[in-house]
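The values are calculated or read from the model by the stated rules, or taken from the named source; none is laboratory data. Only a predicted model underlies this, so the values are computations on that prediction, with no experimental measurement involved. FYI the Cβ positions are ideal-geometry reconstructions off the backbone, even for glycines, and counts take in every protein chain you see.
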Amino acid sequence: MKTLYILLICLFLVSVTNAQERFLTKNGMISFFSKTPIEDIKAENNQVLSIVDVSNGQMAIAILMKSFMFEKALMQEHFNENYVESDKYPKATFKGDVLDFDKIVGSETATTIKGNLTIHGVTNETTIEAVIKKTVDLLEITGDFFINLSDFDVKIPSIVQNKISQKIKVSFRFQHKPYKK
Amino acid sequence: MKVKRIISVLLVISFLSIFIGYKIYNKPHINVAEEAADIALTASMLLIDFSKDETKANAKYLDKIIAVKGVVTNIAEEGEKRAITLQTSDDFGSVICYLAKDESMNIAAVKKGQAIVLKGICTGFLMDVILVKCVIINSK
């Protein structure tokens, strides 16, 4: 009888670990927006990799800086060469947790994501408000937040200072699907 | 008389500099379709280079126009955005080619399993090597 129980427990554990625990997207969207009276600057990145472990709400995001597409080629050049130094720091990353992930069910739920955001080689602890939608085969996370350029040691030359906002609005939309190999 | 001349010369110079400044400010993006590829190779070779030494591969491939040859494993459509995934010798990684806006119409002829050559700008490596603004060169 005892062995039967052990066997059953083993089977249960196997089935749990086999369940699709990871949700992933390779074409998540992140855009940012800088607003000043002189010029609005916008860039969009549609190749963001985001992985969520639905067993514990852990989240990992990787972003290629060169995948940010600007309306003007010159802005893109300045962004990559002077401001975020993409050759030196080709990626931005985020590692964190969706708080109270197990309480999220079904339709849109407001939630908080807390973790470490690394841009331009500088890591800051960040808290982000987001909306999560969870179904069997889709985990959608959307939201926006502001970052300060000075927090990430991004220096803007004084000559263009009034064209680029110190506070940048970042928006994101990730539609994670269950990960299958 | 002399003053007038100086003023007119100054005017011409300032007009020219405004014009040049405007031109630089509005510099167009690289047109991948019109440019020749800097590097041509297979999807497997590209992925191997990145998985072996990412820093070296970044220096070699980033911002370059790369022509890549491979077998189509997936075609993703989402709104106006289209992406073609190319198979590599690696089970986990692949090369994902995000198509340029104007190119998206030509995707109807592309089928899973066929060999294809695409040309695009490399932006880096996450789980897969990523090319953006891709155009289809050869889909025979």
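Quick notes on this structure:
- Within segment B:27-47, tally of residues that are closer than 19 Å to B:Ala115 by Cα and aliphatic (A, V, I, L, M): 8
- Applying the condition of being surrounded by fewer than 21 Cβ atoms within 10 Å (Cβ to Cβ) and among the aliphatic types (A, V, I, L, M) to segment A:22-59 and asking which residue is farthest from the other protein chains (Cβ to nearest Cβ) yields A:Val54.
- For A:Lys114: the one exception among (1) under 28 Å from B:Arg82 (Cα atoms); (2) at pLDDT 95 or above; (3) among the charged types (D, E, K, R): (1)
- Residues within segment B:101-140 that are modelled with pLDDT under 90 and small (Gly, Ala, Ser), tallied: 4
- Scan of segment A:144-181 for residues that are within 14 Å of chain B (Cβ to nearest Cβ) and closer than 19 Å to A:His78 by Cα, ordered by number: A:Ile159, A:Val160, A:Lys163
- Filter result for B:Lys56 (farther than 25 Å from B:Glu103 by Cα and either exposed (fewer than 10 other Cβ atoms within 10 Å of the Cβ) or among the aromatic types (Phe, Trp, Tyr) (or both)): no
- Top-ranked residue in segment A:87-100 [being more than 8 Å from every other protein chain (Cβ to nearest Cβ) and out of contact with any strand residue (DSSP E or B) (no Cβ under 6 Å at 6 or more places or on another chain); ranked as nearest to A:Phe145 (Cα to Cα)]: A:Asp100
- Test: residue in segment A:88-99 that is over 22 Å from B:Glu78 (Cα atoms), polar (S, T, N, Q) and touching a residue at least 24 places away in the same chain (Cβ under 8 Å): yes
- A:Lys177 under 17 Å from the mean Cα position of the chain (by Cα) and of a type outside the set (Gly, Ala, Ser): yes
- Counting only strands (runs of 3 or more DSSP E) that sit wholly inside segment B:33-131, those with at least 1 residues that are within 11 Å of chain A (Cβ to nearest Cβ) are B:65-78, B:81-86, B:95-99, B:115-125.
- When segment B:19-53 is filtered for residues that are within 17 Å of the chain's Cα centre (by Cα), farther than 25 Å from A:Glu85 by Cα and exposed (fewer than 11 other Cβ atoms within 10 Å of the Cβ), the ones remaining, listed by number, are B:Glu34, B:Ala36.
- Residues that are of a type outside the set (S, T, N, Q) and over 17 Å from B:Ala43 (Cβ atoms), drawn from segment B:85-110: B:Ala100, B:Lys101, B:Asp102, B:Glu103, B:Met105, B:Ile107, B:Ala108, B:Ala109
- Qualifying residue in segment A:63-79 (condition: among the hydroxyl-bearing types (Ser, Thr, Tyr), buried (at least 19 other Cβ atoms within 10 Å of the Cβ) and over 12 Å from the mean Cα position of the chain (by Cα)): yes
- Qualifying residue in segment A:128-139 (condition: out of contact with any Ser or Thr (no Cβ under 8 Å at 6 or more places or on another chain) and on the phi > 0 side of the Ramachandran plot): no
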